[in-house]
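Notes for the one structure printed next.
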Amino acid sequence: MTHTSVTRVTTLLLAFLLALAPAAFAQSTMIKGKVVDKDGKPMVGVAIAIEFQGGVNRKLQTKTDKRGEYIQLLTESGQYKITATDEKIGSQSTMLAVRLGRVSEANIVLAPTTAANNEAKAAELRKVFDEGVAASRGGNPDAAIERFQAALALSPNCFDCYYNIGVAYMTKKDDKQAEATWLKALEVKADYAEALNALSTLYNNQKRFDEAAAMSTKAAAAGGGGGSADAVFNQGIILWNQGKIAEAKAKFEEAIKANPNLADAHYQLGMALLNEGKLAEAVAEFETYVKLAPDGQYSTQAKGMIAQLKK
């Protein structure tokens, strides 16, 4: 092959790879970092565990190289816990928010004192947080608030603690304190979808529709998968309450596309279809709702409408 031919093939291959690059990088990103000892020297062969914190059990593992550095490719945005472990020294963890298309960096200092202290602190935090969850599930919001506040004393940036305190205040029907606490969660993590959705629902119930819509839009942008479906569904509810039925219907359809098992979206879509006089399609949505949530909050209404519309 002549030099000119080789050059042409190389150029075409490079153009092809460049054409593919945006699509590939749009769906992936990476975490990179460095592990050093207390003197700042790189640590070789340290085990790195990267755990997704989005409710799905996903754990990746790698090791540091001769420069003490590590790299791990990822395919999903969200919160990740990065843990560096050395058999002789122990472990040290850090949390990192990751977005697709953007390289995230987590550097870790691994020293005997910091590792031991952080392991003990993390264990205490988990214990206190779990006590708060147990109190909340047991119907004791005051105890739950006390435990989550204790967890905040151990970890002031625990946005999950703020969120759960807000939920406990809602159980006490204290909307003002719930709102203030969820806003604190957003000060720590501005794209925290759960707090954004909670505020959207609260504002919607208070007929503060503009604020509800703003929070719901942020939640839809922040969340992925099912979280995004919930946010879009909330947008539909806000539009429905404003009398914008056609726009609300489009949001319910979008939510179902994102999460076909979102029962309430099927019910609300059925209501929108009923409003349009599309009875057969409405019945199909009500039947889907009953199938997904036979004891759901709208099950009695849905069953009644199915019986009535099928006469």
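Tell me, what is the Rg over Rh of region 30-110, with Rh the Kirkwood radius over Cα pairs?
Result: Rg/Rh = 0.96.
Bin width 5 Å, alpha-carbon pairs only: give the P(r) of region 111-189 as whole percents, running from 0 to the bin holding the largest distance.
Spelled out per bin, shortest first, that is 3, 18, 24, 22, 16, 8, 5, 3, 1, 0.
Suppose each label sits 7 Å from its Cα in the direction of the beta carbon; what would the Gln297-Lys173 distance come out to in nanometres?
Label-label distance for Gln297 and Lys173, simple model: 1.6 nm.
Ignoring everything except DSSP H segments at least 4 long, calculate the 222 nm mean residue ellipticity for the chain; use -39,500 (n - 2.57) per segment, divide by total residues, nearest 500. Walk me through the intermediate numbers first.
Values: 12 runs with 186 residues, N = 311.
Estimated from H runs of four or more residues: -19500 deg cm²/dmol.
Just subtract the alpha-carbon distance of Ala49 and Ala190 from 0.36 nm times their residue separation and send over the number in nm, one decimal.
The span from Ala49 to Ala190 would gain 48.2 nm if fully extended.
At a Förster distance of 41 Å, what's the computed FRET efficiency of Gln242 paired with Arg99, Cβ-Cβ distance as r, to 0.05?
The pair Gln242/Arg99 has a calculated efficiency of 0.85.
Grab the other residues whose beta carbon is less than 12 angstrom from that of Tyr192, score K and R as +1, D and E as -1, and report the net.
Taking every other residue near Tyr192 into account, the sum is -1.
Give the aspartates and glutamates reachable from Lys32 as a straight Cα distance under 12 Å; neighbours fewer than 8 places away on the same chain don't count.
Asp65, Glu69, Glu105
Can you give the FRET efficiency for Lys81 and Gln149, using 1/(1 + (r/R0)^6), R0 = 22 Å, r = Cβ-Cβ distance, to the nearest 0.05?
0.45
Using alpha carbons only, what's the Rg to Rh ratio of region 63-155 with Rh from Kirkwood?
1.08
For the modelled label position 7 Å from the Cα of Asp142 along Cα-to-Cβ, which residues of region 155-187 have backbone nitrogen atoms closer than 20 Å?
Hits in region 155-187 for Asp142 at 20 Å: 164-178.
Using only the alpha-carbon atoms, how far is helix 299-309 inclined from the longest principal axis of the chain? Give it as 0 to 90 degrees, nearest 10.
50 degrees
With the crude spin-label approximation of a point 7 Å out along Cα→Cβ, what separation in nm comes out for Lys88 versus Ile71?
Placing both labels 7 Å along Cα→Cβ, they lie 2.9 nm apart.
For Met215, Met170, Met30, which order do you get if you count the other beta carbons within 10 Å of each Cβ and list the fewest first? Working shown, then result.
Values: Met215 27, Met170 19, Met30 14.
By the 10 Å Cβ count, ascending, the order reads Met30, Met170, Met215.
Which value, in debye to the nearest 20, describes the size of the charge dipole of the chain about its Cα centre when Lys and Arg Cβ atoms bear +1, Asp and Glu Cβ atoms bear -1, and nothing else is charged?
500 debye
From the phi angles alone, apply the Karplus equation (6.51, -1.76, 1.60; θ = phi - 60°) to region 160-177 and give each ³J(HN,Hα) in whole Hz, x where the residue is Gly or Pro.
5, 5, 4, 4, 5, 5, x, 4, 5, 5, 5, 4, 7, 6, 9, 4, 5, 5
About the Cα centre of region 84-169, what is the dipole size in debye to 20, counting +1 per Lys and Arg Cβ and -1 per Asp and Glu Cβ, all else neutral?
200 debye
At each listed q (0.10, 0.11, 0.12, 0.14 Å⁻¹), what is the log10 of I(q)/I(0) that the Debye formula gives for the chain modelled as equal alpha-carbon point scatterers?
-0.76, -0.87, -0.97, -1.15
May I ask which of Lys218/Lys291; Lys81/Lys184; Lys176/Lys291 have a Cα-Cα span longer than 29 Å here?
From Lys218/Lys291; Lys81/Lys184; Lys176/Lys291, over 29 Å: Lys218/Lys291; Lys176/Lys291.
Using 7 Å Cα-to-Cβ label points, what is the Ala307/Lys32 separation (nm, one decimal)?
With each label point 7 Å from Cα toward Cβ, the separation is 6.5 nm.
Please get the size of the charge dipole for region 95-221, origin at its Cα centre, with Cβ charges of +1 on Lys and Arg and -1 on Asp and Glu, quoted in debye to the nearest 20.
Using only the charged Cβ atoms, the result is roughly 160 debye.
Using only Cα atoms, locate the centre of region 177-195 and the centre of region 215-288, then give the distance between them in Å, rounded to an integer.
Going from one Cα centre to the other spans 24 Å.
Read-outs throughout are calculated quantities, based only on the coordinates presented, and are distinct from any laboratory measurement. From a predicted model like this one, the values you see are computed outputs, not experimental measurements. Using ideal geometry, Cβ is built from the backbone for each residue, glycine included, and neighbour counts are taken over all protein chains shown.
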